[in-house]
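Heads up: the structure comes next, in structure tokens.
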């Protein structure tokens, strides 16, 4: 049975932990509003961009004149998985859920005889996948020094991916990220970016309603690389909001659990203290009666 001093030290330690988790919760709540606004503001642009791209892609079809980013290499043997996670932890299952989806997808592709390559963005995704899939890593992007994710960050990642595609290192590229729904719900998602794939739920613009100048092929050749950067940027913004929402929820739960532990330890401390006092009184009374 722990002594009174041990119980008192443990109570003070849990109180200190509760102060830290409460502070982290408040910081995450402050950052969440900005991250959520950025993610929600990017959605209409991304949806409209994908709708225009879908319309152009539908009018061009799978002809030989279509850009290679649209029609692909003609093969899907080599798959690149771009795993977008956070640089820091203490955000519940946010990082683990993305890594789990990527790990499951990698295993399925490997079972089909495909060659899997992995590019990680964020330290937590790299750490989660390193043990089982470390031999498949081809690169890592560190955003730990970036305070606020900008389009330039996404464009640099897109340049790396497009450069590897032009070099023939892979046939299909898929990004993995977490879509922000609310503070307690973040859905891990996979989105194919090379070759271009119309996101689920996107309605294509009617190609017959527009007369494009220059032709659709030339426009797509310019827009498709931008589309890769746009998809990555939207995913990074969704990840930012999801991370702060998950951290806020996790720190709130940790604060509540710390409070419950303090209450239990306080009751145990009071009972132990009362037992010590009772034993001392018994000893005093027994000594007095002996005299």
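Bear in mind that the values in this text are calculations on the coordinates, not laboratory data. In this text, all values refer to a predicted model and were calculated from it rather than measured experimentally. As a convention, Cβ positions derive from the backbone with ideal geometry for all residues, glycine included, and neighbour counts pool all protein chains shown.
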Any chance you could give the angle, 0 to 90 degrees and rounded to 10, that helix 151-166 forms with the longest Cα principal axis of the chain?
60
At a 10 angstrom cut-off on C-beta neighbours, averaged per residue, how do the peptides 226-236, 279-289, 19-29 rank from highest to lowest?
226-236, 19-29, 279-289
If I fit a long axis through the Cα atoms of helix 94-111 and take the longest principal axis of the Cα atoms of the chain, what angle between them do I get, 0 to 90°, rounded to 10?
50
Pairs of Cα atoms under 8 Å, at least six residues apart: use those to get the relative contact order of region 37-247, whole percent.
35
Full extension between residue 58 and residue 166 adds, at 0.36 nm per residue less the Cα distance, a length in nm of 36.5 nm
Would you work out the relative contact order for region 157-198, in percent, from Cα pairs under 8 angstrom that are 6 or more residues apart?
34
Protection proxy (average C-beta count within 10 Å per residue), highest first, orders 93-99, 2-8, 249-255 as 93-99, 249-255, 2-8
Pull out a ≥ b ≥ c, the square roots of the eigenvalues of the alpha-carbon gyration tensor of region 37-247, then state rounded if a/c is under 1.5, prolate if not and a/b is larger than b/c, and oblate in the remaining case.
oblate
Using alpha-carbon positions, what is the distance between the centroids of region 243-291 and region 86-102, in Å?
35
Assuming R0 = 22 Å, can you tell me the calculated FRET efficiency for the pair residue 283 and residue 15, based on Cβ-Cβ distance, to the nearest 0.05?
0.10
Counting DSSP beta bridges with both ends in the chain, the antiparallel % (nearest 5):
35
On C-alpha positions alone, give me the angle between the axis of helix 4-60 and the longest principal axis of the chain, in degrees, nearest 10.
10
